[in-house]
Amino acid sequence: MPSGHVEAIVDGTVVAESDTYELVEGNVYFPPSSVKSEYFTKTDLHTHCPWKGDASYYTIKVGDKELENAAWYYPDTFDKAKHIKDYVAFYKTKVNVTAV
């Protein structure tokens, strides 16, 4: 597990931050406890990854800005991805994820 402080930021608002995370395929996966749930709403979108499982998505709302399906997580993973079960990752084109 990588270490160092990481943040997910939307319009200057930190929507997730952690000192522990997982890095998978170039994406930072934040532990569920590090996500500020008041900004997140579950959506009906689901996608499938052949080695991680079925992903579920969140829309993020900060002020008047709404980013549809901007974050995803795997509620039920395959064995190879157990380490990211329920961890949240963000589309880099929608959310600024930085190490600080």
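Below, the figures for the structure above:
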item	result
Residue among 22, 68, 38 with the largest mean-square fluctuation in a Gaussian network model of the chain, springs linking Cα atoms under 10 Å	38
Other-chain or far-sequence residues with amide H under 5 Å of residue 88's (modelled H)	30
Size of charge dipole - region 1-74 - debye, nearest 20, with Cβ of Lys, Arg +1 and Asp, Glu -1, no other charges	120
Surface accessible to a 1.4 Å probe, per residue, for the residues of region 18-100, Å²	58
From phi via Karplus (6.51, -1.76, 1.60), per-residue ³J(HN,Hα) for region 93-100 in Hz, x at Gly/Pro	7, 10, 10, 7, 9, 9, 9, 10
Listed residues 23, 67 arranged by accessible area, highest first, probe 1.4 Å	23, 67
For region 5-45: rounded, prolate or oblate by the Cα gyration tensor [a/c cutoff 1.5]	oblate
Accessible area in the full protein assembly, largest first, 1.4 Å probe, for 5, 48	48, 5
Relative contact order [Cα under 8 Å, 6+ residues apart], the chain, whole percent	28
For percent of Cα pairs over 19 Å apart, calculated from these coordinates, the label among [x] 36; [y] 40; [z] 51	[x]
Carbon plus sulfur fraction of accessible area for the chain, probe 1.4 Å, in percent	49
Whole-Hz ³J(HN,Hα) from phi, Karplus 6.51 cos²θ - 1.76 cosθ + 1.60, for region 18-25, glycine and proline x	7, 9, 10, 6, 10, 10, 9, 6
Residue 41 accessible area, assembled protein chains, probe 1.4 Å, Å²	90
Accessible area (Å², 1.4 Å probe, nearest 10) - residue 51	80
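The values are calculated or read from the model by the stated rules, or taken from the named source; none is laboratory data. Predicted model only: the values in this text are computed from it and were never measured. All Cβ positions, even for glycine, are placed from backbone atoms using ideal geometry, and neighbour counts span all protein chains on display. These accessible areas exclude ligands, DNA and RNA; they are computed on the full protein's heavy atoms, side chains included. Shrake-Rupley method; radii C 1.70, N 1.55, O 1.52, S 1.80 Å.
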